[in-house]
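Every read-out reported here was derived from the displayed coordinates using simple, explicitly stated rules and does not represent laboratory data. Note that the structure is a prediction, hence the values are computed from the model and not measured. When we count neighbours, we look across all protein chains shown, and the Cβ atoms used for this are built from the backbone with ideal geometry, even at glycine.
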Amino acid sequence: MTGPLVSVFTPSFNKGEYAAEAISCVLAQTFGDFEYWILENSTDHGHTRQAIAPLLGDPRIVYEEISLTAEERERAYPTAVLLNRYYAKAAGRYIFYLSDDDLVIPQTLQRCVEHLEDDPARWVCWFSMWISERTPAGGFHRVGGIAASQLAGRDTLMPSVDCRIDGGQVMHRTACLDEIPHPWFPETPAPDDARHADGVFLEKLAARWQLWPLPDFMLTHRRTPLSTWDRR
């Protein structure tokens, strides 16, 4: 197989103050064999684009600027639409997703790749994450976490992972996409369905494979005022 080993995806929407930090933590990974898709669909008059511009010269970055109409945003979750469209373009053997306001430690990609490469029967792995909330002063404080303490998914004691695992806690083989129904992310979930699109996607993975745990706390999920999954 030629090309990068990992494809990383970050949809970016109106979070210029955070997106540069998220992108920087990916570029600082100890494992460098990846392509990095930044799916920019902000409506903030170029503020996000300006904030991340100094980072876009990295040759691993594939920058896509996508314009969605107000009607398109009203009909569907933009992030789900973009991931359905661009996951199909992944050149890597593995896929990793990072929200535009989250952070990962420098060893994240390396630890996940090593874990999956150790055993070809492992198609998906998940790892522990911290949860932080914004303080009135503009910083963040840790309020909890989700520990990857057990094998999850098919034929385990935790077969359902929806809302128990965050979309950014998982790396999976790109070949998984050939085995689960498309669209991989539901673009128009039912109004009374509390699950986010990434939760439904993880449920599809869990129904087909086991999710192998890495106890390391490698992701910081930062709760910010504007969610990537918002229809706006």
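Miscellaneous remarks
- Taking the empirical scaling 2.2 N^0.38 Å for compact globular proteins as reference, the chain has a Cα radius of gyration ratio of 0.96.
- Unit charges at the beta carbon, dipole of segment 6-223: most positive-side option, TYR77, SER42, PHE9: PHE9
- In the chain, a dipole from Cβ-located charges (positive for Lys and Arg, negative for Asp and Glu) runs towards its positive end, and of TYR87, THR30, ALA207 it is ALA207 whose Cα lies farthest in that direction.
- Selection from MET171, SER132, THR188, by position along the positive dipole direction of the chain (Cβ): SER132
- About its Cα centre, the dipole of segment 6-99 is roughly 240 debye, where the only charges are +1 on Lys and Arg Cβ and -1 on Asp and Glu Cβ.
- Net charge dipole, the chain: roughly 180 debye, given to the nearest 20, about the Cα centre with Cβ charges of +1 for Lys and Arg and -1 for Asp and Glu.
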